[in-house]
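The structure appears right after this line, and notes come after that.
The values are calculated or read from the model by the stated rules, or taken from the named source; none is laboratory data. All values reported here derive from a predicted model rather than from experimental measurement. Glycine also receives a Cβ, built like all others from the backbone with ideal geometry; neighbour counts cover every protein chain displayed. With ligands, DNA and RNA removed, areas are computed over all heavy atoms of the protein, side chains included. Shrake-Rupley method; radii C 1.70, N 1.55, O 1.52, S 1.80 Å.
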Amino acid sequence: LKRLTTVLMETETATNSLDADYEMEKQALHNLCKASTAPALQQDGNQPGDSLRALSVHYLSTGLQRELQLAGLTQENTIRELEKSVIRPFGARRVCPRDGLLGSAFVDAISSPDNVGQASFMLSYTWGYTIGDVVDALVQYCSRHNLNPKRTYVWICAFCINQHRVQQALGRKETVPFQNFAEEFGSRVRGIRHVLALMGPWHAPQYVKRAWCLYELAATMDVEDCKLDILMPPREAIGFTKAVMSQPNRIGEIWEVLGNVCVAQAEATVQSDKINIMKAIQEGPGLLALNGRLREKLKSWFADVLQAEALNLLGMSARNCPVRSTCVAQVSHILAELGRHDRAMSLLDEARRRGQAVGSDDACYLVNAGHVFAAAGDHQAALEHYSQAHSKLEKQKHLQSEEGARVLTAMGAMKMKQRMPAKAVEDFSRADDILKTSSLHIRVPLLLDLALAQADLKHEKMTATYFQAQQLHEMMDLPALATATGVVMCSRNMMSSMDRCKALLHSHHQKGILCTAGAAYNLTCLAYLHAQCALLHDGLARAEAALELHNAAGTLRTPFGADTFAILACLQERLHLPSAAANRRKACEIREELGLPADCTLLPLKYCQVSSCVRALVEALKEDDEQNTRQEDMEAYAQQVKMKGLEPVERNWKRVKDSIRQQVKKETAASIEQKQVSISCLPWSFDLLSTMVT
């Protein structure tokens with residue numbers, strides 16, 4: 001009894017203590033609520049709960065590292081792993097100053113001006129990055145820009161958003177609305193106005209594969225006077241430098257990755273987020289316009305990095321190094337493609353001054369300078385440089401080489417631009433004779449250029465050249481390739497070719513050389529690309545314009561004219577237009593007239609379909625629209641029932657409509673498999689179903 005009495009007394013004491021703590025906590029919460037209803041005061045980032053409160057680079061590189069050690073983590077752990085083991089536990093026992101509930105954001109549990117303050121930068125990144133890469137990149141950024149790490153505060157969502165509330169919502173199976181996240185991000189961008197986008201790894205950036213990252217990048221570019229810097233983690237920068245020095249040809253691989261950036265192909269952890277992102281894009285700039293802006297920004301950053309690396313390589317002592325020369329050549333081409341012609345020529349001149357052109361003469365310099373002039377639209381200057389390079393190679397007896405063939409091809413392309421197709425055919429033919437045993441990715445584009453030049457001349461060998469190019473291209477299933485004249489050979493994925501096709505069309509218009517087979521073929525390629533993006537009406541307009549150009553150039557009864565008729569028919573079929581059959585017959589008639597097989601085409605119709613990623617996205621968007629329509633339908637029906645004083649039968653209504661909807665979806669899915677109907681023309685409207693039920 002004594003022991004029991006003692007235990008009861010101890011329990012009562014503990015209970016009283018807990019009650020006292022509870023009363024204190026309740027009073028604190030009461031004061032907090034009272035303060036929240038008072039007139040708003042001017043806040044700053046030093047105050048816990050401020051929306052722009054952020055961690056300093058100094059704290060990230062010191063204090064956070066101690067928290068990592070205590071949790072048994074290292075710099076190789078990802079942000080996602082930190083969120084569970086460090087970020088949430090750190091503020092678990094603290095009251096959130098934002099909502100008065102237990103569990104605060106990491107940043108609200110930190111004090112001291114050296115560690116926390118009002119954000120001067122905002123970081124755009126993925127949770128798949130390691131904390132070491134994030135911190136090292138920010139430390140390096142401070143060092144390069146002479147910033148004090150103790151007064152440089154970076155807003156990072158993982159640390160600055162209350163992850164307790166996010167996890168609690170997920171535990172209740174609630175999805176945080178897209179609009180909330182979008183508004184959170186947009187308000188910070190407008191408040192901070194300086195975004196740092198972290199790009200890595202260099203050979204396959206995760207950033208360009210995440211829908212949210214691309215959305216953030218686009219949102220940043222939409223805010224007036226908002227600065228955007230793209231960073232690379234230091235170890236990735238070192239790896240990039242080593243790769244450029246040892247394997248400069250990999251530069252083209254990264255350039256291709258950046259050229260293929262497409263929001264529709266990006267991934268999102270929550271599928272509904274991607275759907276909402278796509279809706280926001282459709283209501284705003286549009287998918288193609290946004291993709292173009294994103295690619296331009298990413299390519300611009302990459303070109304700056306490449307130029308710096310190329311200049312560093314030129315500063316090294318070794319002379320006549322082929323690897324460095326290849327790097328300089330590729331960087332100059334990229335700068336020229338972006339319209340930075342002066343910088344490209346400056347780089348080439350520096351390489352020439354240091355004597356690091358390929359070989360012991362200036363042939364390489366002349367060829368690369370010719371490429372820059374060609375990109376600038378100065379075709380005469382480009383042809384002069386190519387001709388000088390040709391003369392030097394001929395004197396050295398190196399003309400019968402792959403390098404010599406490239407020079408001849410470039411000369412032919414400039415003569416085509418200057419409306420000299422006969423001379424262009426001579427150069428292309430000589431180059432083809434040299435390349436007969438070379439790799440197909442070099443020879444096939446040359447054959448296409450040769451066939452286009454022959455088409456303008458009504459040359460008797462044009463059909464044979466086209467057939468040879470088609471057979472080789474089909475045999476290798478090559479990706480999209482650009483020829484010397486700039487036109488693109490179509491393939492399974494032409495997303496990266498959109499900008500090139502549009503630029504070439506603009507160039508043809510400026511130079512007044514639209515009435516050629518090449519210009520018509522380029523327009524046909526644009527129609528083909530629009531078909532892949534499910535933009536059927538845009539593609540149809542371009543295919544019809546291509547036919548007009550063929551007619552004006554007199555190249556309608558050529559294999560290229562047949563290709564245009566075939567693409568036009570494909571688009572018309574998907575739009576259920578009656579003229580599709582007639583245009584398909586015309587394509588077959590032209591090929592039969594020329595002695596070509598009925599399926600001989602450089603534009604395979606099997607690729608003239610909506611790409612898988614776009615198709616899946618269209619289906620998701622349609623499904624989402626359907627659900628919204630059904631909800632509106634149900635509300636309207638319920639309102640009618642209420643007005644008429646009838647008993648509601650929502651369940652029966654829903655069951656009947658669901659049954660019909662499933663049947664319609666089953667039938668349309670079968671039609672898609674049989675390629676009888678376009679994904680963009682499915683009868684998703686619920687009006688028809690409502691009529692059927694009635």
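At a Förster radius of 60 Å, what calculated FRET efficiency corresponds to the Cβ-Cβ distance of residue 557 and residue 145, to the nearest 0.05? All intermediate terms of the calculation are to be shown ahead of the outcome.
Values: r = 63 Å, r/R0 = 1.04.
After rounding to 0.05, the efficiency reads 0.45.
Just want to confirm a number: the relative contact order over the range 70-151, from Cα pairs under 8 angstrom separated by 6+ residues, in percent. It would help to have the intermediate numbers written out before the result.
Values: 69 pairs, mean separation 26.7, N = 82.
About 33 percent, as a whole number.
Report the FRET efficiency, 1/(1 + (r/R0)^6), for residue 599 and residue 312, where r is their Cβ-Cβ distance and R0 is 51 Å, rounded to 0.05. Please list the in-between numbers first.
Values: r = 51 Å, r/R0 = 1.01.
Working from the Cβ atoms, E equals 0.50.
Set the Förster distance to 35 Å, then compute FRET efficiency between residue 460 and residue 606 from the Cβ-Cβ distance, nearest 0.05.
Working: r = 31 Å, r/R0 = 0.88.
Efficiency computed from Cβ-Cβ geometry: 0.70.
Of the accessible area of the range 561-605, with the probe set at 1.4 angstrom, what percent is carbon plus sulfur?
Numbers: 1050 of 1850 Å².
Carbon and sulfur atoms account for 57 percent of the accessible area of the range 561-605.
State which entries of 242/299; 209/502; 84/209 exceed 22 angstrom in Cα-Cα distance in the structure shown.
Numbers: 242/299 20 Å; 209/502 24 Å; 84/209 24 Å.
In this structure, 209/502; 84/209 exceed 22 Å between Cα atoms.
What distance in nm lies between label points placed 7 Å from Cα along the C-beta direction at residue 111 and residue 51?
Output for this residue pair reads 2.7 nm.
Net charge around residue 419, counting only other residues with Cβ within less than 11 Å of its Cβ (Lys, Arg = +1; Asp, Glu = -1)?
+3
Between residue 245 and residue 581, what is the spin-label point distance in nm, taking each point 7 Å from the Cα along the Cα→C-beta axis?
Going from the residue 245 label point to the residue 581 one covers 6.8 nm.
Multiply the residue gap between residue 222 and residue 166 by 0.36 nm, knock off their C-alpha separation, and tell me the result in nm, one decimal place. Intermediate values should be presented prior to the final figure.
Numbers: separation 56, 0.36 × 56 = 20.16 nm, distance 2.73 nm.
Separation in residues times 0.36 nm, less the Cα-Cα distance, equals 17.4 nm.
How much length is gained on full extension from residue 272 to residue 436, taking 0.36 nm per residue of separation minus their Cα-Cα distance? All intermediate terms of the calculation are to be shown ahead of the outcome.
Numbers: separation 164, 0.36 × 164 = 59.04 nm, distance 5.21 nm.
Gain on extension, residue 272 to residue 436, equals 53.8 nm.
Less than 13 Å Cβ to Cβ from residue 223, Lys/Arg counted +1 and Asp/Glu -1: what total charge do the surrounding residues give? The partial results should precede the final answer.
Details: positive: 188, 190, 193, 227; negative: 216, 222, 224, 225.
Value of the local net charge: 0.
Give me the net charge for the shell around residue 559: Cβ to Cβ below 15 angstrom, other residues only, Lys and Arg +1, Asp and Glu -1. Can you show the working numbers first?
Numbers: positive: 458, 461, 557, 586, 591; negative: 449, 456, 460, 474, 563, 589, 592, 593, 599.
Neighbour charge sum, excluding residue 559 itself: -4.
What does the extension gain come out to for residue 256 and residue 75, with contour length at 0.36 nm per residue minus their alpha carbon separation? Kindly include the intermediate steps, with their values, before the conclusion.
On the way: separation 181, 0.36 × 181 = 65.16 nm, distance 3.09 nm.
Going from the current span to full extension adds 62.1 nm.
Using the structure shown, list the pairs from 395/461; 415/511; 511/586; 586/606; 458/606 with a Cα-Cα distance above 22 Å, or answer none. Before the final figure, lay out each step's value.
Details: 395/461 31 Å; 415/511 13 Å; 511/586 31 Å; 586/606 19 Å; 458/606 29 Å.
Over 22 Å Cα-Cα: 395/461; 511/586; 458/606.
Quick check: the distance between the Cα centres of the range 411-474 and the range 157-175, to the nearest angstrom?
Result: 60 Å between the Cα centres.
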